[in-house]
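The values are calculated or read from the model by the stated rules, or taken from the named source; none is laboratory data. In this text, all values refer to a predicted model and were calculated from it rather than measured experimentally. Backbone-built Cβ (ideal geometry, glycine too); neighbour counts: all protein chains shown. Surface areas here come from the heavy atoms of the whole protein model, side chains and all, with no ligands, DNA or RNA. Shrake-Rupley method; radii C 1.70, N 1.55, O 1.52, S 1.80 Å.
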Amino acid sequence: LFALIDTDRVRLRRWLPWVDATASLADCCGWIEHARRQYSSQEGINLGLWHRRELAGMVGLDPVDWSHRKAALGYWLGAQFEGRGLCTRACQALLRHGFGTLGLNRIEIYCATGNTRSRAVAHRLGFCREGVLRQAEWLSDHFVDQEVYALLAEQWQRGSHDDDEHAALLLSPVDCKQ
């Protein structure tokens, strides 16, 4: 995990606020322990995304807010793994888990307005763009606006969600007014 982050640090740092705090192998080990505790207490799930036995990135539902039955979906990939549909398919699996197994009602995605790749994932998954949070996140040395996307359980249930590994690629953006 640390090697993947360190190799792609400059690119990841552009969009992810935690990159600067991940400066050593010990930082990664501490985060993994945090993620394990979070999983044990059902407050979140963070998973390695693997491609041909190589760590390609991470996906997660974090944090889970049980009182409102919602969670935030997060994801990132190393540059050499982009453009293969890996992130979209992994996120679709998490959506099935979140809406199906966990019984969540709402899953949100927050991403910087300039992060076109992350925004494209949200669109491919059928998320509805709900708006922009102005200067909502501090990235290294400046604030960025964040786009907010959401998918509701009732919208997800209307889609095609079989176990086909390409189901995520078949979803179309949901009409937010429904």
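Taking only the stretch 29-47 into account, find how many residues are surrounded by 14 or more Cβ atoms within 10 Å (Cβ to Cβ) and either in contact with a Leu (Cβ under 6 Å, 6 or more places away or on another chain) or within 16 Å of Gly98 (Cα to Cα) (or both). So the answer is 7. Flag not set for Ala93, criterion: surrounded by 21 or more Cβ atoms within 10 Å (Cβ to Cβ), under 12 Å from the mean Cα position of the chain (by Cα) and among the small types (Gly, Ala, Ser).
Scanning the stretch 112-141 for residues that are charged (D, E, K, R) and either in contact with a Leu (Cβ under 7 Å, 6 or more places away or on another chain) or part of a strand (DSSP E or B) (or both) turns up Arg124, Arg129, Glu130, Arg134, Glu137. The test for being over 23 Å from Ala3 (Cβ atoms), open to solvent by 80 Å² or more (accessible area, probe 1.4 Å) and among the acidic types (Asp, Glu) does not hold for Glu54. Of the numbered criteria (1) in contact (Cβ under 8 Å) with a residue 40 or more places away in the chain; (2) closer than 19 Å to Gly44 by Cβ, the one Tyr110 fails is (1).
Considering the stretch 125-152, and only residues there that are surrounded by fewer than 20 Cβ atoms within 10 Å (Cβ to Cβ) and among the charged types (D, E, K, R), the residue that is farthest from Gln92 (Cα to Cα) turns out to be Asp141.
For the stretch 96-124, the candidate set comprises residues that are crowded, with 20+ Cβ neighbours inside 10 Å and under 14 Å from Gln155 (Cβ atoms); within that set, the residue that is nearest to the chain's Cα centre (by Cα) is Ile109.
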